[in-house]
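Below is one structure, written out as structure tokens; the observations come after it.
The values are calculated or read from the model by the stated rules, or taken from the named source; none is laboratory data. Everything numeric in this text was worked out from a predicted model, so none of it was measured. Reconstructed Cβ throughout: ideal geometry from the backbone, glycine too, with neighbour counts over all protein chains shown. When the accessible area is computed, the model is the full protein with side chains, heavy atoms only, and any ligands, DNA or RNA have been set aside. Shrake-Rupley method; radii C 1.70, N 1.55, O 1.52, S 1.80 Å.
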Amino acid sequence: MIFRQLFDSVSGTYSYLMASRAGGEALILDPVLEKVDRYCQLLRELDLKLVKAIDTHLHADHVTGLGELRDRTHCVTIMGEQSMADVVAMRVSEGDKVTIEGITLDVMYTPGHTDDSYSYLMGDRVFTGDTLLIRGTGRTDFQNGSARAQYDSIFNRLLKLPDETIVFPAHDYKGDTVSTIGEEKRFNPRLQARSVDEYVELMGNLKLPNPKMMDVAVPANMHVGLHQDDLAKQGLALTAREGIDSLGRPDILLVDLREASERAKHGMLPGALHAPYPSIGESLKPGGMLREVAAATGRRIVFFCAFGERSAMAVAAAKEAGLAKSAHIAGGIDAWKKAGGPVLTG
């Protein structure tokens with residue numbers, strides 16, 4: 001396995017790059033905008049294809065690298081379903097799994113630092129974001145934070161993991177890089193609180209200044225979505241209503257880019273072909289499934305996904321592959337449902 005812990009000294013942020021093998025798929029957790037050049041260099045050096053980029057929560061102390069990495073690598077951006085970010089390609093919730101080739105992260109909803117804070121469990125290690133830090137815990141006094149919710153997330157979720165579970169946080173300001181659940185139980189001063197009320201009182205008396213970057217980072221991180229307006233101006237986007245009206249038309253081929261787990265959870269559209277986004281390049285090559293179907297039938301490919309991010313990138317890929325008529329459903333199945341479109345479940 002390839003595993004890299006990367007550090008941004010300005011914000012004290014740890015980012016994590018991982019892959020199951022050289023030459024394979026990779027994902028990154030909590031990327032920092034100013035470090036994107038470094039990440040891309042490392043991806044080239046290790047011959048990795050970045051397919052997913054995750055933020056554990058909406059950060060207040062640095063601008064996320066999600067949008068820049070998406071624009072450079074066409075990766076799928078991921079945050080929790082509570083996030084105030086305008087658009088990410090995929091939203092996850094408690095019990096979901098984030099998968100790439102050879103790696104699975106179990107999604108744990110661990111609010112408290114913010115109301116959109118998540119941790120990600122991968123075998124012997126857990127990525128705790130700002131919920132649990134090394135010898136500390138994330139502050140709970142802004143972004144809908146709650147010391148009471150954080151107590152529950154830590155004591156009733158994270159500390160229930162085996163003591164030997166390795167803890168990788170999103171930040172550290174003292175030079176520590178890694179810990180374990182057992183270590184934090186024994187030596188983290190904030191975890192010595194004997195009750196939830198004692199913990200709430202402790203967190204309420206920290207009197208910390210706001211992060212220096214907060215007024216810049218939070219608004220920037222709320223607007224990382226891919227601008228889909230250009231496709232509409234080019235006539236390459238259908239509104240959800242137009243998509244619904246096109247159902248059953250013999251000249252339209254609906255293509256679902258979501259993963260199987262998303263389809264099972266959120267439903268499918270009638271008559272849609274399933275072609276998961278990570279393999280879109282292969283599908284559009286000469287001999288690829290989508291290219292051959294489009295050529296054989298003359299139908300116009302209309303991509304859709306969860307919120308329109310992956311489908312917008314797929315339209316660009318299709319144009320590059322010579323399928324200039326391809327379009328997408330703006331806003332994805334989220335917009336489709338809001339417009340009252342039919343969805344197949346089960």
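Summary of computed values
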item: Test: residue in the range 271-279 that is of a type in the set (S, T, Y), part of a loop (DSSP other than H, G, I, E, B) and open to solvent by less than 40 Å² (accessible area, probe 1.4 Å); result: no
item: Residue satisfying condition, being more than 24 Å from S279 (Cα to Cα), touching a residue at least 12 places away in the same chain (Cβ under 8 Å) and not hydrophobic (A, V, I, L, M, F, W, C), within set E68, E81; result: E81
item: Any chance M268 is in contact (Cβ under 8 Å) with a residue 40 or more places away in the chain, open to solvent by less than 60 Å² (accessible area, probe 1.4 Å) and in contact with a His (Cβ under 7 Å, 6 or more places away or on another chain); result: no
item: Selected residue (criterion: most open to solvent (accessible area, probe 1.4 Å)) from residues of the range 11-55 that are assigned to a strand (DSSP E or B) and more than 22 Å from L121 (Cβ to Cβ); result: K49
item: Candidates L236, L254, filtered to the one that is farther than 30 Å from Q150 by Cα and out of contact with any Lys or Arg (no Cβ under 9 Å at 6 or more places or on another chain); result: L254
item: The range 305-346, subset among the polar types (S, T, N, Q) and either open to solvent by 10 Å² or more (accessible area, probe 1.4 Å) or assigned to a helix (DSSP H, G or I) (or both), residue nearest to R70 (Cα to Cα); result: S311
item: Qualifying residue in the range 163-178 (condition: of a type outside the set (S, T, N, Q), open to solvent by 40 Å² or more (accessible area, probe 1.4 Å), farther than 14 Å from T128 by Cβ and without any contact (Cβ under 8 Å) to a residue 24 or more places away in the chain); result: yes
item: Residues of the range 87-121 that turn out to be under 21 Å from K185 (Cβ atoms) and open to solvent by less than 20 Å² (accessible area, probe 1.4 Å), as a count; result: 7
item: Out of S246, S326, sole residue that is polar (S, T, N, Q), free of Cβ contacts under 8 Å to residues at least 60 places away in the same chain and either under 24 Å from V92 (Cβ atoms) or out of contact with any Pro (no Cβ under 8 Å at 6 or more places or on another chain) (or both); result: S246
item: Hits in the range 285-304 - residues which are in contact (Cβ under 8 Å) with a residue 24 or more places away in the chain and either under 13 Å from A237 (Cα atoms) or open to solvent by 10 Å² or more (accessible area, probe 1.4 Å) (or both); result: K285, R291, V293, A294, T297, G298, R299, R300, I301, V302, F303, F304
item: Single residue of F3, F7 found to be among the aromatic types (F, W, Y), closer than 21 Å to D124 by Cβ and either in a strand (DSSP E or B) or out of contact with any helix residue (DSSP H, G or I) (no Cβ under 7 Å at 6 or more places or on another chain) (or both); result: F3
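A quick yes/no check of all residues on (1) part of a strand (DSSP E or B); (2) closer than 22 Å to A316 by Cβ; (3) touching a strand residue (DSSP E or B) at 6+ places or on another chain (Cβ under 6 Å):
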residue	(1), (2), (3)
A60	no, no, no
D71	no, yes, no
T77	yes, yes, yes
M84	no, no, no
E94	no, no, yes
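Yes/no per residue for (1) over 29 Å from the mean Cα position of the chain (by Cα); (2) assigned to a helix (DSSP H, G or I):
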position	(1), (2)
Q150	no, yes
E164	no, no
E198	yes, yes
N221	no, yes
A232	no, yes
G243	no, yes
G248	yes, no
